[in-house]
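The structure under discussion appears below in the form of structure tokens.
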Amino acid sequence: MGVPSECVAEIIQVSGDMHAMIEGKPHKGQVFFSLPRFFCRADLPTPHGIRLKPLAYPEALVKVLGTYTGTEAPGVVLVTPPVETEVDIPPEAIQQLPDFLRLPGSLPFLRGVSFTGATMTAFIDPVLLISRILGSEAHGD
């Protein structure tokens, strides 16, 4: 899984395990989202975080994120399993997904895919992913 480089501020070390899919750190003004917990893999180690740049979040999403930190413009960190490689794939190398993958109920947070030899990287849209995670928490998924 990949995150488009234009969305990434930096990759950071994360200390401590997350016990929930979403955790706010008010003293840091950040909201942490556990990708392994979202994908039902809470057993995976999560030593890294992808700190996202400020993105074009809808106003309603910013308000919900702010409830986790008590700030108006919280930072967002996607907590991940070990990041093994950083590869800068140009946007023009990311192919659109087939239409059936963009249907409601499928994987609406995927932006596209890129192929390097036999390796496929699926790129997420961080804004749609965070909306989906917040929605699944609200519904108890």
Next item on the list: Check whether at least one residue in region 66-73 is β-branched (Val, Ile, Thr), closer than 18 Å to PRO36 by Cα, surrounded by 14 or more Cβ atoms within 10 Å (Cβ to Cβ) and modelled with pLDDT of 85 or more, and report yes or no.
Entry: no
Checklist line | region 95-115, residues that are modelled with pLDDT of 75 or more, more than 15 Å from SER131 (Cβ to Cβ) and in contact with a strand residue (DSSP E or B) (Cβ under 7 Å, 6 or more places away or on another chain) | finding: GLN95, GLN96, LEU97, GLY112, VAL113, SER114
Check: Taking into account only those residues within region 11-57 that are among the hydroxyl-bearing types (Ser, Thr, Tyr) and surrounded by 14 or more Cβ atoms within 10 Å (Cβ to Cβ), which is farthest from ILE130 (Cα to Cα)?
Finding: THR46
Next item on the list: Could you identify the single residue in LYS28, LYS53 that is among the basic types (Lys, Arg), modelled with pLDDT of 90 or more and at negative phi?
Entry: LYS53
Checklist line | Unmet requirement for ALA42, which otherwise passes all of (1) out of contact with any strand residue (DSSP E or B) (no Cβ under 7 Å at 6 or more places or on another chain); (2) under 16 Å from PRO126 (Cα atoms) | finding: (2)
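The values are calculated or read from the model by the stated rules, or taken from the named source; none is laboratory data. From a predicted model like this one, the values you see are computed outputs, not experimental measurements. Note that each Cβ is placed from the backbone with ideal geometry, even for glycine, and that neighbours are counted across all protein chains shown.
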